[in-house]
Amino acid sequence: WLHQWTEPTQLRFQVYASLFENDANLVTDVELETETIGAQVGFDSTLSQKMSVSFLVGWARLDTEYSRAVGPTPEDDDANELLLKGSLDYESERHKMSLIVNSEPSGSGNGVIVSAQAVGLEYTYALTERSDFDLELNAGHRSPVDDRIENDRDFARVELGVDYRLSQRWKVAGRYAYSWQAREAVDGTANSNEVRVSIIYTPEKSIWSR
């Protein structure tokens, strides 16, 4: 639902719902199903010709049911989570930048629902008419919604990239990424480095008419 409050500002209301199912939970060794429902309110506003802001805040209820074919089954769990999403965007002739904050529950690689809070920066600078430089920063914290599961972790990632347009359809791009994380249940930290070089082709859009 959108409402044009003033000429540069829209009020926003939206329902938040999801269903998460896992058949091979590596953390608890049980199957689970999590239903999430909530709501968010906020606004989108154009501050100037170059700057805009978007903000949503709300609350979600999560109900998790566990099942196990053999052995005792953990008690079902319910929780309430903050929903938060905001961005401040700036764009000029050669610069484009977004500051982002986000907090919401999401599925994880370990097969459980986690509460994830993160802040980020996305920046693009036009080096030339054909070439762009990109920078992405992201950092935050993840923890299982069910506090009986000990798997909290902090994370950070930085990614740098340059691309060059060879033609209207072809582009070559190079990227470097560094990732870091620290888990509460494990001593020490983990990090990785990644380098990618890509040749990208963008096909022409097809327009169907009768």
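Sites count as exposed loop sites when they are GluC sites (Glu not before Pro), lie in a DSSP loop, and have at most 14 other Cβ atoms within 10 angstrom; the longest stretch of the chain without one is 1-74.
Kirkwood Rh, Cα Rg: Rg to Rh for the chain? Please list the in-between numbers first.
Working: Rg = 21.5 Å, Rh = 20.5 Å.
That ratio is 1.05, to two decimals.
Taking every protein chain into account, the 1.4 Å probe leaves K171 with about 60 Å² of accessible area, to the nearest ten. Counting only protein heavy atoms and a 1.4 Å probe, segment 53-210 has 65 square angstrom of accessible area per residue. Dividing the mean sequence gap of close Cα pairs (under 8 Å, 6+ apart) by how many residues segment 84-210 holds gives a relative contact order of 15 percent. Between amide H atoms placed 1.01 Å from N, distances below 5 Å from L47 occur with S52, V53, all of them 5 or more places distant or on a separate chain.
Can you give the log10 of the normalised intensity I(q)/I(0) at q = 0.27 Å⁻¹, computed with Debye over equal Cα scatterers of segment 162-204? Result of the Debye calculation: -0.90. Of the residues V197, V186, the one with the largest accessible area comes first in the ranking V197, V186, computed with a 1.4 Å probe on protein heavy atoms. Accessible surface of D76, taken over heavy atoms with a 1.4 Å probe and every protein chain present, rounds to 90 Å². Heavy-atom surface analysis with a 1.4 Å probe gives the chain a carbon and sulfur content of 54 percent of its accessible area. Counting 0.36 nm for each residue step from R94 to K50 and taking away their Cα separation leaves a gain of 14.7 nm. Summing Cβ point charges (Lys, Arg +1; Asp, Glu -1) relative to the Cα centre of the chain gives a dipole of roughly 1460 debye.
When the Cα atoms of segment 46-155 are aligned to their principal axes, the ranges along those axes come out at 64, 28, 20 Å in descending order. Solvent exposure of S143, expressed as accessible area, is near 20 Å², computed with a probe of 1.4 Å over the protein chains only.
Its Cα centre serving as origin, segment 106-170 has a Cβ charge dipole (Lys and Arg +1, Asp and Glu -1) of approximately 220 debye.
With both residues required to sit in segment 78-210, DSSP beta bridges show an antiparallel share near 100%.
The values are calculated or read from the model by the stated rules, or taken from the named source; none is laboratory data. All values derive from a computational prediction rather than experimental measurement. Neighbour counts run over all protein chains shown; Cβ positions are idealised from the backbone, glycine included. Remember, those area values only see protein heavy atoms, side chains included, never the ligands or the DNA or RNA. Shrake-Rupley method; radii C 1.70, N 1.55, O 1.52, S 1.80 Å.
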